[in-house]
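Participant: Structure below; questions to follow.
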Amino acid sequence: MQNAAAVEAMPHSWLEDMLAILISTLMISFAVILIRQAGALTGGTVGLAFLIHYLSGWSFGVLFFLINLPFYYLAIRRMGWRFTLKTFTAISLVSVFSDMHQQFIHFEQLNPVYATLFGSLLIGLGLIVLFRHRGSLGGVNILALYLQERYGIRAGKLQMAVDLSIVIASLFVVSLPILLASIGGAIVLNLIIAMNFRPGRYIA
């Protein structure tokens, strides 16, 4: 038991952090392709970028990068430069990868409900990896992690409340079946975070 505890308390190396960020952002950006192909949404700044993308036709990657810019101030002030640098790297990679995937992946047939739920699951898993390595996808992630570390408020619960609000706000952008699938995806995503990332459980 002592050996297991010692392993869990061992900090990640910079190489482990970079590999984790690379793998998680590839996973999340692939999920973005699935959700966009379904015409659905999700929560957080990803969902907000989707909403503007559907309304304007602008690049999702560019929108996602720009929306997160104001949140770096809170990240630097409250979470530190190391966290902010990892978050900036993760956001930049998701922005690039989400547009890059389109050059290599083409879906001829894709069930929108399946794509939305599976894509949300992938985003949840990717976020757990980022959180575990002291990074995030910016925006609500930064606020949720700050409140969890400062006040013990579960990140998944705050994330779920914000995500459902963003998804519901898209009622006039997507059809009702896609909206319901998007809400289901937001619940799946945040249940994964709530069940697998708890205050004080991990030492990064």
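The values are calculated or read from the model by the stated rules, or taken from the named source; none is laboratory data. Given the structure is predicted, the values throughout are model-derived calculations rather than measurements. When we count neighbours, we look across all protein chains shown, and the Cβ atoms used for this are built from the backbone with ideal geometry, even at glycine. Ligands, DNA and RNA are stripped out before the accessible areas are found, and what is left, the full protein with its side chains, is counted by its heavy atoms. Shrake-Rupley method; radii C 1.70, N 1.55, O 1.52, S 1.80 Å.
Participant: Residue check: is Leu143 within 19 Å of Leu69 (Cα to Cα), open to solvent by 50 Å² or more (accessible area, probe 1.4 Å) and either over 14 Å from the mean Cα position of the chain (by Cα) or not hydroxyl-bearing (Ser, Thr, Tyr) (or both)?
Facilitator: yes
Participant: Taking the stretch 92-125 only, how many residues are open to solvent by 40 Å² or more (accessible area, probe 1.4 Å), under 12 Å from Ala38 (Cα atoms) and part of a helix (DSSP H, G or I)?
Facilitator: 5
Participant: Next question. Modelled with pLDDT under 90 and hydrophobic (A, V, I, L, M, F, W, C): is that true of Ala49 in this structure?
Facilitator: yes
Participant: Which one of these is out of contact with any strand residue (DSSP E or B) (no Cβ under 7 Å at 6 or more places or on another chain), modelled with pLDDT of 90 or more, closer than 21 Å to Phe131 by Cα and surrounded by fewer than 17 Cβ atoms within 10 Å (Cβ to Cβ): Leu74, Leu69, Leu22?
Facilitator: Being out of contact with any strand residue (DSSP E or B) (no Cβ under 7 Å at 6 or more places or on another chain), modelled with pLDDT of 90 or more, closer than 21 Å to Phe131 by Cα and surrounded by fewer than 17 Cβ atoms within 10 Å (Cβ to Cβ) holds for just one of Leu74, Leu69, Leu22, which is Leu22.
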